[in-house]
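Below is one structure, written out as structure tokens; comments come after it.
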Amino acid sequence: MCSDEMAKLSQGKRDWEACTAKTEDRQKKFMTVSSAPIKPLYTPEDIKDMSFMRDLSYPGSYPYTRGVQPNMYRGRLWTMRQFAGFATAVESNERYKYLLSQGQTGLSVAFDMPTIMGYDSDHPRSFGEVGRVGVAIDSLADMETLFSGIPLDQITTSMTINAPASVLLCLYIATAEKQGIAAHKLGGTIQNDILKEYIAQKSWIFPPEPSMRLITDIFAFAGQHVPKWNSVSISGYHIREAGSTAVQELAFTLADGFAYVEAGIKAGLDVDLFAPRLSFFFNAHMDFFEEIAKYRAARRIWARRMKEKYGAKDERSLLLRFHTQTAGCSLTAQQAENNIVRTAYEALSAVLGGTQSLHTNSMDEVLALPSEKSARIALRTQQIIAEETGVAYTIDPLAGSYFVEAMTNQMEAEAEKYFERIEQYGGVLAAIDEGFFQQEIADAAYRYQREIETNERIIVGVNDYTCDETPQIDLLKIDPSIELEQCKRVQRVRESRDNLVCTNRLADLRKAAGSSDNLMPYILDAVRAYATEGEIIQVLREVFGEYKEKPIF
Amino acid sequence: MNAERKIRVLVAKPGLDGHDRGAKVVARALRDGGMEVIYTGLHQTPEQVVEAAIQEDVDLIGLSILSGAHMTIFPRIQELLKENNAADIIVMGGGIVPADDIKKLIDGGYAQAIFTPGTHTGDIVAWIRETVKTKLA
């Protein structure tokens, strides 16, 4: 921009400011859902230090701000991947087949709490929790049922599993073997992000050090044997759900990502062996532009650091590919049908932010697991965005917006400040140990709640626009008898397998856990012999110990 | 009992579920509301919750459950309270609990109140003050 035009611009802005000074705003503060202040107007002055080629460039080109593929959704739409799973493998298999028949393009498995925490269904700690928030998987027998009639070389599957991720990946590989499909043909993702468990989601089993060892074992094994598999999905979703701001979600997630990169390098792996298979998972909350800026900033920060700090050479190591889920915490139990509208706007921000796959929440998830009807509406929401709104026809359509670019820059700068603070603690693990992330998130969550309670923030149907209707939504009920059935099923597996082989495989695993061997081949051999998830995790628990958190609020 | 004594509350996360946002927000709001709050931390068994409640001599236990295990956990807590002669401790809950389950829990005497998402924390504080006062009267 020439200096003459810049001068005119400044004069114009002063004139406009003089005009607005005579007007009155309808509220005291305008802020994002993360409590960040928003200016009334953004102008070229807000992005005057930006360089198009340095900061934006072209889609598929460094620093990838505008997207990871050159043609983005003109080539292929994002994967519509609805998270589902409940009761036993039989019921969940039926739901997967239904979703696939309705045009869903990838699977995403939700496990129940005992599976997530590494307990078999008949363990005393599993009492009352079997099949409640996801599907119960105890052994290879359940996994064979879960994917029965679904050829695993023709679909990609995401599994939301962390502490026992190694076991579930091995179960998937062994299930594919039974279908006659080799591991190198498998595509999908395990979440496998233990750092965010300590920070936010709190489904840990082992202490950090052995947990990180399991993760680098998976990096090495998957890089060699399951090359199309995303060996970790570094997740901001749960950090946000726990109450963080958008910047905290961005910064803490990327900090976790860098910690995995450093762990891989420290374990002696070439960064370009494993970094191309690192993937990300973000939340799509209600603040439309803030979310779009977050995704764009994330791509840029990741590419810059991977290249400049970690010396990645393979272009694929620089690409931040991510899944998005709309914000469960933004849904309201009051007038629950309104959640369809919330989810649609959130999904739109994810698409405008260039997501690679997307889960849209069902309106009833604040009340129970989604019914078939509400799950279908959620999927249709994505299909409407893809087919009817036209937003997927051009790439990164909001680039060049003074507001969106200024916000993208600001989020990057604020994330960098968080990286410095984490560095001062001595890294992510040390900061977890000090309760830094946990306290930051708890503070933000409490502030948000206070803003609602003082009516500084309006949530439709909660603190304004309320009505006395009781929701008439048919909820999915989990029959309590399935717990008993599943317990019988795992007991039958223990009776019918070759227990000598199984015991030997578990003994081999125990020995390996005490050495520095990669544990994946041992776990794979154990699951092939129908060792249960609980038995495998118990062996590791005995060797590694269990993590305990200092409770703070 | 001394009239000046602060109301003592145990906020507990029973079961395997790790979603502690609600529990922590409520714990802080109760503390800001002038109560003594003890937070158990995560992954507690019903036995651990009841033991902590008795040891800490609380007036009330607040159970936060988002994992769908409420229909087994609330009755188990009540059973343990009775076994330990501590059935005078008030039990309330919060989380993802469908309306007809709330009715069953309250009608069955397993909980005196269940607060679901969207509740004003001020309403919880007021309810606890009122309920504890009635109990002591």
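The values are calculated or read from the model by the stated rules, or taken from the named source; none is laboratory data. Treat the numbers as computed from the prediction; the structure is a model and nothing was measured. Don't worry about glycine lacking a Cβ; one is built from the backbone with ideal geometry, like all the others, and counts go over all protein chains shown.
Miscellaneous remarks
- Counted residues, the stretch B:1-48 - those being of a type in the set (Asp, Glu) and within 26 Å of A:Pro114 (Cα to Cα): 3
- Scope the stretch B:42-58; condition within 8 Å of chain A (Cβ to nearest Cβ) and out of contact with any Leu (no Cβ under 7 Å at 6 or more places or on another chain); matching residues: B:Leu42, B:Thr45
- Filtering the stretch B:73-101 to residues that are crowded, with 19+ Cβ neighbours inside 10 Å, away from every other protein chain (no Cβ under 11 Å), more than 19 Å from B:Ile124 (Cα to Cα) and hydrophobic (A, V, I, L, M, F, W, C) leaves B:Ile77, B:Leu80, B:Leu81.
- Scanning the stretch A:17-36 for residues that are in contact with a strand residue (DSSP E or B) (Cβ under 8 Å, 6 or more places away or on another chain) and either hydrophobic (A, V, I, L, M, F, W, C) or closer than 14 Å to A:His285 by Cα (or both) turns up A:Phe30, A:Met31.
- Residue match in the stretch B:79-93 (condition: over 12 Å from the mean Cα position of the chain (by Cα) and under 30 Å from A:Thr332 (Cβ atoms)): no
- Which numbered condition B:Ala69 fails, given (1) modelled with pLDDT under 95; (2) away from chain A (no Cβ under 14 Å): (2)
- Only listed residue being at positive phi, surrounded by fewer than 24 Cβ atoms within 10 Å (Cβ to Cβ), touching a helix residue (DSSP H, G or I) at 6+ places or on another chain (Cβ under 9 Å) and not in a helix (DSSP H, G or I), chosen from A:Gly188, A:Gly243: A:Gly188
- Residue in the stretch A:529-553 that is farthest from the chain's Cα centre (by Cα), counting only those that are part of a loop (DSSP other than H, G, I, E, B) and more than 14 Å from chain B (Cβ to nearest Cβ): A:Ala529
- Number of positions in the stretch A:56-90 that are closer than 22 Å to A:Trp302 by Cα and not hydroxyl-bearing (Ser, Thr, Tyr): 12
- In the set (1) closer than 23 Å to A:Arg240 by Cβ; (2) surrounded by 15 or more Cβ atoms within 10 Å (Cβ to Cβ); (3) not aromatic (Phe, Trp, Tyr), A:Ile395 fails one condition alone, (1).
- Residue in the stretch A:424-474 that is nearest to A:Leu367 (Cα to Cα), counting only those that are touching a Ser or Thr at 6+ places or on another chain (Cβ under 6 Å) and β-branched (Val, Ile, Thr): A:Val462
- Qualifying residue in the stretch A:149-156 (condition: free of Cβ contacts under 8 Å to residues at least 40 places away in the same chain and part of a helix (DSSP H, G or I)): no
- Within the stretch A:510-528, considering residues that are free of Cβ contacts under 8 Å to residues at least 24 places away in the same chain and part of a helix (DSSP H, G or I), the one nearest to A:Leu140 (Cα to Cα): A:Asp525
- The stretch A:211-240, subset in contact with a Gly (Cβ under 8 Å, 6 or more places away or on another chain) and crowded, with 20+ Cβ neighbours inside 10 Å, residue nearest to A:Lys294 (Cα to Cα): A:Ile234
- Considering the conditions (1) within 14 Å of chain B (Cβ to nearest Cβ); (2) modelled with pLDDT of 95 or more; (3) closer than 22 Å to A:Asp112 by Cα, A:Tyr448 is excluded by exactly one of them, (3).
- A single member of A:Asp479, A:Asp468 is within 32 Å of the chain's Cα centre (by Cα), in a loop (DSSP other than H, G, I, E, B) and under 30 Å from A:Gln335 (Cβ atoms), and it is A:Asp479.
A quick yes/no check of all residues on (1) modelled with pLDDT under 95; (2) charged (D, E, K, R):
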{"residue": "A:Ala293", "(1), (2)": "no, no"}
{"residue": "A:Met306", "(1), (2)": "no, no"}
{"residue": "A:Ala312", "(1), (2)": "no, no"}
{"residue": "A:Glu315", "(1), (2)": "no, yes"}
{"residue": "A:Arg321", "(1), (2)": "no, yes"}
{"residue": "A:Thr326", "(1), (2)": "no, no"}
{"residue": "A:Ala333", "(1), (2)": "yes, no"}
{"residue": "A:Ala336", "(1), (2)": "yes, no"}
{"residue": "A:Arg342", "(1), (2)": "no, yes"}
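Residues checked against (1) touching a residue at least 40 places away in the same chain (Cβ under 8 Å); (2) away from chain B (no Cβ under 14 Å):
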| position | (1), (2) |
| --- | --- |
| A:Ala87 | yes, no |
| A:Glu94 | no, yes |
| A:Tyr98 | yes, yes |
| A:Gln102 | yes, yes |
| A:Ser108 | yes, yes |
| A:Tyr119 | yes, no |
| A:Asp122 | yes, yes |
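- Checking A:Val351, A:Val271, A:Val341 one by one, the residue that is without any contact (Cβ under 8 Å) to a residue 24 or more places away in the chain and either touching a strand residue (DSSP E or B) at 6+ places or on another chain (Cβ under 7 Å) or away from chain B (no Cβ under 14 Å) (or both) is A:Val341 and no other.
- Conditions (1) touching a Ser or Thr at 6+ places or on another chain (Cβ under 9 Å); (2) within 12 Å of another protein chain (Cβ to nearest Cβ); number of the one not met by A:Thr332: (1)
- Residues that are charged (D, E, K, R) number at least 2 in the following helices (runs of 4 or more DSSP H) confined to the stretch A:351-441: A:372-387, A:402-425.
- When the stretch B:1-41 is filtered for residues that are part of a loop (DSSP other than H, G, I, E, B), more than 7 Å from chain A (Cβ to nearest Cβ) and among the hydrophobic types (A, V, I, L, M, F, W, C), the ones remaining, listed by number, are B:Met1, B:Ala3, B:Ile7, B:Met35.
- Of the candidates A:Gly264, A:Gly257, the single residue that is under 15 Å from the mean Cα position of the chain (by Cα), assigned to a helix (DSSP H, G or I) and farther than 14 Å from A:Pro63 by Cβ is A:Gly257.
- Restricting the search to helices (runs of 4 or more DSSP H) fully inside the stretch A:68-148 and requiring at least 2 residues that are more than 25 Å from A:Ile536 (Cα to Cα) gives A:72-75, A:89-101.
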